Amino acid sequence: MIAVVSVPLVVFLILRYNRVMNPFIWSITVYKSDKVVQEIPHERVFIKPSLQASDVTDIQAELVADPFLVIHDSITYLFFEVYNKVSEKGEIGFATSIDLENWSYGQIVLDEKFHLSYPQVFKYRDEFYMIPESIGAGKVLLYRAANFPYGWEVTQELIQGKYVDPSVFQYEDKWWMYAGTKGQLHLFYANDLRGNWKEHKCSPINTHSIHVTRPGGRVVVDNNVIYRYMQEGTLNYGQSVHLFQITKLTEDEFEEIQMDTVLKGTDKKNDWRKDGMHHIDQLKLNNNQWLVAVDGHTSKRIHYILWKMDRLLSKIQYKIYKNKNSGRLHNYNFGDKK
């Protein structure tokens, strides 16, 4: 018997599956600077990534992005989002370095039922905390490490609402937080990290563009000058990063000036940051040196069917390993994927 397939069904299948995907492939690089980044760095610091998805060994990773730095016991830690192709959500992993040039991947240290990214890690009163983006939970959550760099547990809910890239900093004996929503940038403050967070009178802040309302990295306070970094997404997501300098910040007042673009893509074929950059973190090492972590991305053209097969294969590999190892989640190694 010959199956009869309707013309509309054939047309539907062709239109749906005969298409090309352009997934973003994000990577991270780390370099040294003699000052706070206030302009586009020399291209030599971006020659190659310090960390890529292929360096992740305990999950099937599609990308690494949103790096944050912290030092503990003479070891520099880099926390970042890892997008898991199996769970199809972001999880938080880390890498370490002794010489600030060579980075060794550690493992995934935090995953939830919802997507996680933008893991701002910091030390406060001898404890390590993390505030990741947790928009899927509908709240901004504060995590504490029971055994740094492991054992991350929610210790408090800071703010209710679907906010992206919450960025906290201390200034004038208060805690401050920027967080984005669709087309708006919000500012909050509290007397203590675990205190009662209030939205500022000037919030939402007028950024003069709905495309520059998403934080692009840790707010830096250096010599009493406040620098905040914002993503620019006019043409595409993750296009560039702009610098703003806050000139007045109290419970009642807020003023700032827009400065320069500090990160952007190269539009060069085969460059790992060809299509844009959208995040920067800076760690002061001494009076004359900073450690800087940034991310960048390039798009990869792939047919939808091949893209879908890759996702399916990743899930099959994971399921096979899980069945063989009694359901352990983060001890498997898929080998060299480079």
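Test GLN60 against the criterion of being crowded, with 20+ Cβ neighbours inside 10 Å, in contact with a helix residue (DSSP H, G or I) (Cβ under 6 Å, 6 or more places away or on another chain) and not β-branched (Val, Ile, Thr), and give yes or no.
Values: crowded, with 20+ Cβ neighbours inside 10 Å: yes; in contact with a helix residue (DSSP H, G or I) (Cβ under 6 Å, 6 or more places away or on another chain): yes; not β-branched (Val, Ile, Thr): yes.
Answer is yes for this residue.
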Would you please name the residue that is surrounded by the most Cβ atoms within 10 Å (Cβ to Cβ), looking only at residues in region 269-302 that are modelled with pLDDT of 95 or more and of a type in the set (Lys, Arg)? ARG273
Matching residues in region 104-126 - criterion: being outside any strand (DSSP E or B) and either open to solvent by 30 Å² or more (accessible area, probe 1.4 Å) or not hydrophobic (A, V, I, L, M, F, W, C) (or both): ASP111, GLU112, LYS113, PHE114, HIS115, ARG125, ASP126
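Could you please find all residues in region 134-144 being open to solvent by less than 10 Å² (accessible area, probe 1.4 Å) and in a strand (DSSP E or B)? Spell out how you get there, then give the answer.
We begin by selecting, within region 134-144, every residue open to solvent by less than 10 Å² (accessible area, probe 1.4 Å); these are 134, 140, 142-143.
Within region 134-144, VAL140, LEU142, TYR143 meet the criteria.
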So in region 247-259, with the set limited to residues that are touching a residue at least 24 places away in the same chain (Cβ under 8 Å) and open to solvent by less than 80 Å² (accessible area, probe 1.4 Å), which one is nearest to the chain's Cα centre (by Cα)? MET259
Which of (1) part of a strand (DSSP E or B); (2) open to solvent by less than 10 Å² (accessible area, probe 1.4 Å) is the odd one out, the single condition ILE71 does not satisfy? (2)
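On the basis of being of a type in the set (S, T, N, Q), open to solvent by 10 Å² or more (accessible area, probe 1.4 Å) and in contact with a Lys or Arg (Cβ under 9 Å, 6 or more places away or on another chain), does THR155 make the cut?
Numbers: of a type in the set (S, T, N, Q): yes; open to solvent by 10 Å² or more (accessible area, probe 1.4 Å): yes; in contact with a Lys or Arg (Cβ under 9 Å, 6 or more places away or on another chain): yes.
Yes.
Restricted to region 297-315, and to residues that are among the aliphatic types (A, V, I, L, M) and in contact (Cβ under 8 Å) with a residue 12 or more places away in the chain, which residue is farthest from TRP272 (Cα to Cα)? Working first, answer last.
Keep residues of region 297-315 that are among the aliphatic types (A, V, I, L, M), which gives 302, 305-306, 309, 312-313.
The next check asks that each one be in contact (Cβ under 8 Å) with a residue 12 or more places away in the chain; those that pass are 302, 305.
Numbers: ILE302: 17, ILE305: 24 Å.
Per the criteria, the residue is ILE305.
The values are calculated or read from the model by the stated rules, or taken from the named source; none is laboratory data. None of these values were measured; they are calculated from a predicted model. We place every Cβ from the backbone using ideal geometry, glycine too, and count neighbours over all the protein chains shown. The protein model used for the area step is the full one, side chains on, heavy atoms only, and it has no ligands, DNA or RNA in it. Shrake-Rupley method; radii C 1.70, N 1.55, O 1.52, S 1.80 Å.
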